[in-house]
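This report refers to the structure that appears directly beneath it.
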Amino acid sequence: MENNFKKVHAKKDLIISGCIILAGIALFFVHKATGVCLFLCGILSLILYKSGYKLNGEGIPLQKKSLELNNNCRESLLDFLSGKKVEPKLVQGNEGGTVLLEVWFNAPADIAYARLSEYKELSFQTVTDIVELPADQAQLLIQKI
């Protein structure tokens, strides 16, 4: 099964765009050209700025966090993602190589998905598929990141 995360609007995106639009409307009465420009920037940000993610376009919105970690953490992360009850080591840096841990999560709902990639041949190549974590492991990983 392939997991596709689609970008969606988060609450803060709508709030920021709304504030810019309202500032443009208010500024229109002071200086028309600046007000119209700010209003159009608000409309563009409403259309283009999306910082949330949803799995296959459905469900609750998730945040994404990417961590570049030391290669010494690789084994503990692989064990953690395979479902073993170990605490993952998250040591940032690039000593001995770099691994990329991508986490899509929603902290209040204890939902998390993770993928591990390894830096080889000038790009990150996936080591694991996107893994859905159980609630207890999701909570532990969210607290550590």
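The values are calculated or read from the model by the stated rules, or taken from the named source; none is laboratory data. Predicted model, so just to flag it, every value in this text is computed and none were measured. Here the Cβ is made from the backbone with ideal geometry for all residues, glycine too, and neighbour counts use every protein chain on show. Heads up: the accessible areas ignore ligands, DNA and RNA and are worked out on the full protein's heavy atoms, side chains in. Shrake-Rupley method; radii C 1.70, N 1.55, O 1.52, S 1.80 Å.
Scan the stretch 1-33 for residues that are assigned to a strand (DSSP E or B) and either open to solvent by 90 Å² or more (accessible area, probe 1.4 Å) or touching a His at 6+ places or on another chain (Cβ under 9 Å) (or both) and the total you get is 2. Taking first residues from the stretch 28-53 that are small (G, A, S) and partners that are open to solvent by 70 Å² or more (accessible area, probe 1.4 Å), the Cβ contacts under 6 Å between residues at least 6 apart in sequence or on separate chains come to G35/F28. Scan the stretch 116-134 for residues that are of a type in the set (S, T, Y), closer than 21 Å to N4 by Cβ, part of a strand (DSSP E or B) and open to solvent by 20 Å² or more (accessible area, probe 1.4 Å) and the total you get is 2.
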